[in-house]
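A.B. asks: Input: one structure, supplied below.
The values are calculated or read from the model by the stated rules, or taken from the named source; none is laboratory data. Because the structure is a prediction, the values reported are computed rather than measured. So basically every Cβ, Gly included, is an ideal-geometry build from the backbone, and we count neighbours across all protein chains shown. Ligands, DNA and RNA are stripped out before the accessible areas are found, and what is left, the full protein with its side chains, is counted by its heavy atoms. Shrake-Rupley method; radii C 1.70, N 1.55, O 1.52, S 1.80 Å.
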Amino acid sequence: MASGRRSAAVMLPLAALAIGAWVLASGCGFVNPGAVAPRVSHVALQAETADSPGASVALVKVTEENKIAMTGVIGGVAGLLLGGVWVGAGLFAIGSYLAKKDDGDL
């Protein structure tokens with residue numbers, strides 16, 4: 001009698017899990033397998049003309065401060081990925097220092 005209870009105790013959660021998986025797979029998915037996407041016959045693409053009246057505006061202006069900051073950040077992230085926190089901090093400091101120096105000082 002004890003083995004019957006034990007097998008029922010194992011089978012009941014497995015049956016509930018199987019029924020839940022079946023319900024999720026059948027109707028609660030993101031895409032309904034019976035639905036067909038409408039076919040588009042043509043797509044109208046239009047490029048900008050070469051003599052467009054508006055001038056292109058940069059999203060971020062490239063300044064000397066931005067160059068120094070990005071050099072330090074790139075060095076720090078590379079050092080963090082390759083060697084850890086201390087290597088990242090060292091490469092950040094070295095990159096920032098080298099970016100601030102003039103070319104004639106090297």
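A.B. asks: Do the conditions hold for GLY29, that is, is it at pLDDT below 65, open to solvent by less than 90 Å² (accessible area, probe 1.4 Å) and within 28 Å of the chain's Cα centre (by Cα)?
C.D. replies: Judged against the criteria, GLY29 is a match.
A.B. asks: Additional query: Could you tell me whether ILE68 is at negative phi, in a helix (DSSP H, G or I), β-branched (Val, Ile, Thr) and open to solvent by less than 40 Å² (accessible area, probe 1.4 Å)?
C.D. replies: Here the answer is yes, as ILE68 does meet what is asked.
A.B. asks: Right, next: Within region 71-106, how many residues turn out to be in a helix (DSSP H, G or I) and without any contact (Cβ under 8 Å) to a residue 12 or more places away in the chain?
C.D. replies: Qualifying residue count, region 71-106: 13.
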